[in-house]
Amino acid sequence: MLFNEIAYGPIHSRRLGTSLGMELMPLEHKLCTFNCVYCECGWNTPVHHPQLPTREEVRAALEEKLKSLTAQRSYSATVLQRSGLSAEDGLDVITFSGNGEPTLHPDFLGIIEDTCALRDQYCPKAKVSVLSNSTQLGRPDVVQALRLCDNRILKLDAATDEMMRRIDLPVNERLTVAQLIEWLKAFDGNFTLQTCFLRGEHAGKPIDNTTPDELEAWYKAVDTLHPKQLMIYVIDRKTPEENLSKISREEMESIAAPLREKGYDVIVSA
Ligand code: SF4
């Protein structure tokens, strides 16, 4: 599943609410520093010169979308007022995710600055959120951009190198969990940690980030990072690796339970 517009939706997101999606990667194929076995966008496609939208194109697409949503909302408000009802401000969030890793865009910082300004102008109640796989956190401009956002939703799918590599298939095969954790510390816990739990097999190797050893390492990483929120979720759509199975809600709740006992805010999407 690929998104074919720079600004799309709003759509209802099971994790974020009413969300206007922003796409900074190519519209024709996925571009990511991971190649997760569960990615809804499918496998990475090798492309030599990927075409990314320019900062100006992104700003123009967002402004056009926000203008059109504002016009629709004021029309609905008038109709509702005549009926003695009140209108709701519909947009919860402007979300950067889509066909790959949004922080790969070379103008990511400028785009986030533009987005915050347009949000303030057209829909000041909406949050600006970024879903990222954490691999670009070694870049100071990316950290600076993420600090400007309301929500940083940052991935850590496993806390052992072996399982992280089996699940996420990082393009940089030398990437380690220790490095990801070190980068994530830059936010002093002021972020949401996202983890997809799953089981299955890929390329003849088992995948399971719910074993006692994997969970112990992951809980330890959570305590090291102390994120203000955790989003743990299961596979929800068709996956490129078909040999994967979904974790039950009951089991997901039992993974969340020890963290909630310690006072963590844990959202389970299952
Ligand atoms: S990080 Fe996200 S976009 Fe990239 S491969 Fe994984 S699920 Fe897909």
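Looking at region 95-113, I want the residues that are within 16 Å of the ligand (Cβ to nearest atom) and have a partner that is assigned to a loop (DSSP other than H, G, I, E, B) and of a type in the set (Phe, Trp, Tyr) with Cβ atoms under 9 Å, at least 6 apart or on another chain. Which pairs are those? Going by the 9 Å Cβ cut-off, the qualifying pairs are Ser97/Phe3; Gly98/Phe3; Asn99/Phe3; Gly100/Phe34; Glu101/Phe34.
Could you run through region 127-143 and say how many residues are part of a loop (DSSP other than H, G, I, E, B) and within 13 Å of the chain's Cα centre (by Cα)?
First, the residues of region 127-143 that are part of a loop (DSSP other than H, G, I, E, B): 133-139.
So of that shortlist, the ones also within 13 Å of the chain's Cα centre (by Cα) come out as 133-135.
Result for region 127-143: 3.
In region 59-100, how many are in a helix (DSSP H, G or I) and either at pLDDT 95 or above or open to solvent by less than 70 Å² (accessible area, probe 1.4 Å) (or both)?
19
Against the definition (in contact with a Phe, Trp or Tyr (Cβ under 9 Å, 6 or more places away or on another chain), over 20 Å from Thr103 (Cβ atoms) and either among the small types (Gly, Ala, Ser) or within 15 Å of the ligand (Cβ to nearest atom) (or both)), how does Ala203 come out, yes or no? Give the derivation first.
Numbers: in contact with a Phe, Trp or Tyr (Cβ under 9 Å, 6 or more places away or on another chain): no; over 20 Å from Thr103 (Cβ atoms): yes; either among the small types (Gly, Ala, Ser) or within 15 Å of the ligand (Cβ to nearest atom) (or both): yes.
Spelling it out, it is not the case that Ala203 is in contact with a Phe, Trp or Tyr (Cβ under 9 Å, 6 or more places away or on another chain), over 20 Å from Thr103 (Cβ atoms) and either among the small types (Gly, Ala, Ser) or within 15 Å of the ligand (Cβ to nearest atom) (or both).
Considering region 4-32, and only residues there that are surrounded by fewer than 19 Cβ atoms within 10 Å (Cβ to Cβ) and either under 15 Å from the mean Cα position of the chain (by Cα) or at positive phi (or both), the residue that is farthest from the ligand (Cβ to nearest atom) turns out to be Thr18. Of all residues in region 223-242, those that are in contact with a Cys (Cβ under 6 Å, 6 or more places away or on another chain) and among the acidic types (Asp, Glu) total 0. Please go through region 33-45 and give me each residue that is in contact with a Lys or Arg (Cβ under 7 Å, 6 or more places away or on another chain), of a type in the set (S, T, N, Q) and surrounded by 16 or more Cβ atoms within 10 Å (Cβ to Cβ), ordered by number. Listed by number, the list holds a single entry, Asn44. The residue that is farthest from the ligand (Cβ to nearest atom), among those in region 114-144 that are under 27 Å from His49 (Cα atoms) and among the hydrophobic types (A, V, I, L, M, F, W, C), is Val143. Among the residues of region 109-145, the ones that are hydrophobic (A, V, I, L, M, F, W, C) and either within 30 Å of Asp208 (Cβ to Cβ) or touching a Pro at 6+ places or on another chain (Cβ under 9 Å) (or both) come to 4 in all.
In this structure, is Ala158 in a helix (DSSP H, G or I) and either at pLDDT below 95 or under 20 Å from the mean Cα position of the chain (by Cα) (or both)? Here the answer is no, as Ala158 does not meet what is asked.
The values are calculated or read from the model by the stated rules, or taken from the named source; none is laboratory data. This structure is a prediction, so every number in the text was calculated from the model and none was measured. Because the Cβ atoms are built from the backbone with ideal geometry, glycine has one as well, and the counts that use them run over all protein chains shown. When the accessible area is computed, the model is the full protein with side chains, heavy atoms only, and any ligands, DNA or RNA have been set aside. Shrake-Rupley method; radii C 1.70, N 1.55, O 1.52, S 1.80 Å.
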